[in-house]
Amino acid sequence: MKIAIIGNGISGITAARWIRKLSDHEIIVISGESDYFYSRTALMYIYMGHMGLKETQPYEKGFWKKNRIGLKRAWVKDVDFKNKKLHLIPAAKLTDHDFLPAELPYDKLIIATGSDSNKFGWPGQDLEGVRGLYSLQDLQYMDNYSKDLNRAVIVGGGLIGIEMAEMFHSRNIPVTFLVREKSYWSNVLPDEESAMINRCIKNNHIDLRLGTELKEIVDNGSGKAVAVITNKGEKIDCGFVGLTAGVHPNIGFLKESDLETGRGIKVNEFLETNIPDVYAIGDCAEQQHPKTGRRGVEAIWYTGRMMGETVAYNICGKKVEYNPGIWFNSAKFFDIEYQVYGNVPAKIPEYMTSIYWEHPDGDKSIRINFDNRNNSILGFNLMGIRYRHEVCEKWLKEKTDMETVLKDLGQANFDPEFYDQYEKHLLAAYNKIAGKNIQLKKRRGLSQVIAFLKR
Amino acid sequence: MNLLDSSLSLAYQGNHKMTGLQKISLAIVGLGTLGLLIAWASNGNISPLPTFIFSLAAMTIGSLLYTYSTYSGKIPGIKNNRVFQYGISSRGAAAWILGIVVTGFYVCLYWFPHLLEGLIRLHDPLSHGLRGKAADQWFVYGTFYTVAVLLMGIKFIFKYRHNRYQIIRTISVMFFQLVFAYLIPAFLALLNKPDEYFSYFWPLDSYALRPDWIAGKSSLGTFGYVVIAIGILMPFVVTPILTYFFGKRWYCSWVCGCGGLAETAGDPFRQLSDKSLTAWKIERWMIHSVLVAVVLLTALLWFNHISQNTILGGFTEGFKSAYGFGIAMAFSGVIGVGFYPIMGSRVWCRFGCPMAAILGLQQKYFSRFRITTNGGQCISCGNCSTYCEMGIDVRHYAQRGQDIVRASCVGCGVCSAVCPRGVLRLENGASDIGSRTDALRTIHISEDEVSILS
Ligand SMILES: Cc1cc2nc3c(=O)[nH]c(=O)nc-3n(C[C@H](O)[C@H](O)[C@H](O)COP(=O)(O)OP(=O)(O)OC[C@H]3O[C@@H](n4cnc5c(N)ncnc54)[C@H](O)[C@@H]3O)c2cc1C
Ligand code: SF4
Ligand code: SF4
């Protein structure tokens, strides 16, 4: 059986690896952006010079041959689902011995084409010097514009926006950061954490404009961006405009086909599309029936990895439902690390009580949410402090009593040795609200964690 | 710009310029270096004390000023900006020049010390003050080494000032270098005792435990017996105990002088270590061969000693000098340090050191130490592998949620420090020594349902 995979990102490559582990099927991965799988999450580090492209590639070149995973650098123009054929166009200069067929037949197809940057029809959004950040080509484009750049304006206050701000900042390029919300990422972060990141952005000398939207991008007369105008009527001169107002599934090339799509390619819990033998995974897939606590489209790294593994099982004849488990995620805002486990909404609903402690320095915090109807634990939000995934997850899964969690909270701490431990402060915050006197019983340490996890 | 070509070629354009203070501080370091060069060229015909003070002061002030101007006023955090762009840290011309200069220095040191006469005479006043006798090339070497560890250690501490593990660890290597590898030997020399390095022992110190070593020490009376006792206790009792509890890091990145230099002066080059599977294979062959060689050497010397040189006399002598030349000098010194800017800071520790080999075997099979990974949080970015000076592909383990137990890991903690997602933690735990790497902490599929295997 010949399995074709479109897209060599984390989803497509994980699928290929697991299919190889589970079977002897012929595997071919077609992708347009790069010859080899690299970590998209590390794009910023390439620009900042922490790594080269090679360092971001998780597998050595020999790996593909050894595992008989065929790689083809090409764009898929469209798919002939009826006759099971892909139509290819070259994505790179072809060398003499590099033969690219115009058509590629398959028996089963996995679509893992990822996302594309959002554009909301702003006037001037297609000018030169205006670009999102998603691919290596985008990165190269940013780099080309970085020379003698007087200012970059970044539009959209999400995770990619703040990464872009850090990138330019690392090269001493002045940045203006337009954020539509009243506070950074306030549709996801609770108020205190969001305020912490506002401060952090400003401390890094980024010109942060909250509650500000892009109205238009100004043309210099020859097709190049020279300034932006905000909804407040202000004009900001700049040589580059970064569009980072989110991403959407990259499925444009499939729109005219019989494939059922919504925001993304619609898939059931087995990652099957409406067309037999065609699967979709990763950023480009949309779950028709997401599990509770999860969304239909989740454009993040680990879901791509999990879907890749799940689809491999399904293709290799072992039906498995996709189940990403309890929500978790992480990010880094300049120097502040962020981790979340479970349910931590931006606006705390009635049934939830949120205990929050913040370090006097204003760059570390712990938040724990629980259900005030039955005192069960709901979620953890950490800034500048690391918590152990498995421990938090086990508490969440078992709907552990809040006070039990508090007493044992030390065992969730994952900060390096010698670091201060702040759990007692959170207990104090809880005791104050609840009028109780709960004492911390466990501090950081591996042995008790192992015992707890094996329990 | 070539959108079709995958060979991404970032030109690193930006508004980066050195600040005035950085330039001044480098100029001051340059002046200090010039002082050394003049002293060297003068071959001893220059007043040593003022030149020495001038050079040392200029280097110290310049280096501290550079550290200050680079880090002060900056928000603490991981800032490996432009590491893959600067020639000095990415095998550019500057790196090759530095490599050649340092290599040349080592070659002179071991085999042509008379070429260093000017530098040796420069150190006479300090040597007289500390040890009551004239300097030799080893004193010069020790001084350079210690100054490098101290000054670059201070820089390292500033760079990682947000990370208490790094601060404490660096203070420790600075302390052991200054006190155990420099001041105590000098002090012993002042007391007319042979200079002992209590932080080096067999098998790293291949002279220790030889018959003539034992005989030599025994002739010193009580002091000698203390040295012999330490020389036996350290490798055979203290080391296994400490390694059981903390892994090899207690020595390799907290005490050892080779490690100390690698962690401080070598830090700008740590990303150059080769991460390939081939390198790992070569590493295992080489390091264990050196271990076998030194064990064999010591055993042969004893065998010969007991058999009164009747059987293998000539062979053993040849083997001894081959080890001394090939391993102790050429490998640990010339290649080990001279090649920092090309092959990274731990070439010797990774491919050659027999001490590391023993500690590594124990770390792998009988130690509480491991690096745990944090469930499914790894985003495979590669920072950990890139900045692992031992060339361990940390990401390989982290992305599959497997704890890391590798013989070569020196526990420097830098992988954990540079990880942007809080995935790695150096830990010691007794309850699961035999199964440290069994758990796969990311969510995987077992049988026919998705479940967490842990
Ligand atoms: C700057 C940045 C930072 C990020 N940081 C994080 C983070 O910290 N944590 C996190 O969880 N997530 C992060 N993400 C999101 C994460 O990278 C994505 O969720 C993930 O890469 C998606 O993987 P994928 O395999 O589904 O798709 P992709 O990685 O997008 O791979 C799809 C590939 O398919 C190719 N392709 C598309 N269409 C075609 C076609 N028609 N023919 C041929 N090839 C095609 C594309 O060129 C691409 O190479 C980040 C994303 C960006 C852009
Ligand atoms: S694995 Fe981590 S702690 Fe071990 S040597 Fe490498 S960087 Fe240091
Ligand atoms: S462990 Fe951390 S540094 Fe290493 S690849 Fe994963 S996220 Fe990156």
Any pair with Cβ under 6 angstrom, 6 or more apart, that starts in the stretch A:32-46 at a residue that is over 10 Å from A:GLY7 (Cα atoms) and at the interface with chain B (Cβ under 7 Å from one of its Cβ atoms) and ends at one that is hydroxyl-bearing (Ser, Thr, Tyr) and assigned to a loop (DSSP other than H, G, I, E, B) = A:ASP35/B:SER6; A:SER39/B:SER380
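Across the stretch A:334-367, what is the number of residues that are more than 14 Å from chain B (Cβ to nearest Cβ), surrounded by fewer than 21 Cβ atoms within 10 Å (Cβ to Cβ) and not in a strand (DSSP E or B)? Walk me through it before giving the result.
To start, the set of residues in the stretch A:334-367 that are more than 14 Å from chain B (Cβ to nearest Cβ) comprises A:343-358, A:360, A:365, A:367.
The next check asks that each one be surrounded by fewer than 21 Cβ atoms within 10 Å (Cβ to Cβ); those that pass are A:343, A:345-358, A:360.
Filter once more, so that each one left must be not in a strand (DSSP E or B): A:343, A:345-351, A:360.
Residues in the stretch A:334-367 being more than 14 Å from chain B (Cβ to nearest Cβ), surrounded by fewer than 21 Cβ atoms within 10 Å (Cβ to Cβ) and not in a strand (DSSP E or B): 9 in total.
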key: Single residue of the stretch B:249-274 satisfying the filter (within 14 Å of chain A (Cβ to nearest Cβ) and either assigned to a helix (DSSP H, G or I) or touching a Cys at 6+ places or on another chain (Cβ under 8 Å) (or both)) that is farthest from B:SER345 (Cα to Cα)   = B:TRP250
task = Would you check which residues across the stretch A:307-328 are without any contact (Cβ under 8 Å) to a residue 60 or more places away in the chain and either away from chain B (no Cβ under 13 Å) or open to solvent by less than 20 Å² (accessible area, probe 1.4 Å) (or both) and list them?
result = A:THR310, A:ASN314, A:VAL320, A:TYR322, A:PRO324
ask   = Which strands (runs of 3 or more DSSP E) sit wholly inside the stretch A:148-211 and have at least 1 residues that are open to solvent by 20 Å² or more (accessible area, probe 1.4 Å) and within 21 Å of A:LYS235 (Cα to Cα)?
value = A:207-210
message = For the stretch B:283-394, give me every one of the helices (runs of 4 or more DSSP H) that falls completely inside it and has 2 or more residues that are farther than 27 Å from B:CYS419 by Cα.
response = B:313-322, B:354-365
message = Being more than 16 Å from ligand 3 (Cβ to nearest atom) and within 13 Å of another protein chain (Cβ to nearest Cβ): is that true of B:ILE433 here?
response = yes
query = B:ARG395 passes all but one of (1) more than 18 Å from the chain's Cα centre (by Cα); (2) within 26 Å of B:VAL290 (Cβ to Cβ); (3) more than 10 Å from ligand 2 (Cβ to nearest atom); which number fails?
reply = (2)
ask   = Among B:CYS409, B:CYS381, which is modelled with pLDDT of 95 or more, within 29 Å of B:ALA94 (Cβ to Cβ), within 16 Å of ligand 3 (Cβ to nearest atom) and outside the structural domain of B:GLY92 (by TED's automatic domain parsing)?
value = B:CYS381
query = So how many residues does the stretch B:380-414 have that are open to solvent by 10 Å² or more (accessible area, probe 1.4 Å), within 12 Å of chain A (Cβ to nearest Cβ) and touching a strand residue (DSSP E or B) at 6+ places or on another chain (Cβ under 8 Å)?
reply = 3
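Taking the condition touching a helix residue (DSSP H, G or I) at 6+ places or on another chain (Cβ under 7 Å) and open to solvent by 10 Å² or more (accessible area, probe 1.4 Å), does A:ASN231 pass?
Numbers: touching a helix residue (DSSP H, G or I) at 6+ places or on another chain (Cβ under 7 Å): no; open to solvent by 10 Å² or more (accessible area, probe 1.4 Å): yes.
No; evaluated as a whole, the condition is false for this residue.
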task = Could you check A:ALA112 against (1) outside the structural domain of A:LEU53 (by TED's automatic domain parsing); (2) buried (at least 23 other Cβ atoms within 10 Å of the Cβ); (3) of a type in the set (A, V, I, L, M, F, W, C) and say which number it fails?
result = (1)
request  = Tally the residues that are farther than 23 Å from A:PHE240 by Cα and at pLDDT below 65, restricting the search to the stretch B:7-28.
outcome  = 1
message = Anything in the stretch A:411-454 that is within 14 Å of another protein chain (Cβ to nearest Cβ) and in a helix (DSSP H, G or I)? List them, or say none.
response = A:GLN411, A:ALA412, A:LEU446, A:SER447, A:GLN448, A:VAL449, A:ILE450, A:ALA451, A:PHE452, A:LEU453, A:LYS454
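Can you pull out every residue in the stretch B:258-278 that is within 16 Å of ligand 3 (Cβ to nearest atom) and not charged (D, E, K, R)?
The first filter runs over the stretch B:258-278 and keeps only residues within 16 Å of ligand 3 (Cβ to nearest atom), leaving B:270-271, B:273, B:275.
B:GLN271, B:SER273, listed by residue number.
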remark   = From the option list B:ILE46, B:ILE75, B:ILE120, B:ILE53, single residue qualifying as more than 14 Å from chain A (Cβ to nearest Cβ), β-branched (Val, Ile, Thr) and not in a helix (DSSP H, G or I) is B:ILE46
ask   = Here is a list of conditions, (1) under 22 Å from B:PHE156 (Cβ atoms); (2) open to solvent by 70 Å² or more (accessible area, probe 1.4 Å), and B:SER69 meets all of them except one; can you say which number that is?
value = (2)
message = If the requirement is being among the charged types (D, E, K, R), open to solvent by 10 Å² or more (accessible area, probe 1.4 Å) and out of contact with any Leu (no Cβ under 9 Å at 6 or more places or on another chain), which of these qualifies: A:LYS407, A:LYS436, A:LYS424?
response = A:LYS436
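The values are calculated or read from the model by the stated rules, or taken from the named source; none is laboratory data. Values in this document were obtained by computation on a predicted structure and should not be read as measured data. Methodologically, a virtual Cβ is constructed for each residue, glycine included, from the backbone with ideal geometry; neighbour enumeration extends over all protein chains shown. Note: areas computed on protein heavy atoms with side chains; ligands, DNA, RNA excluded. Shrake-Rupley method; radii C 1.70, N 1.55, O 1.52, S 1.80 Å.
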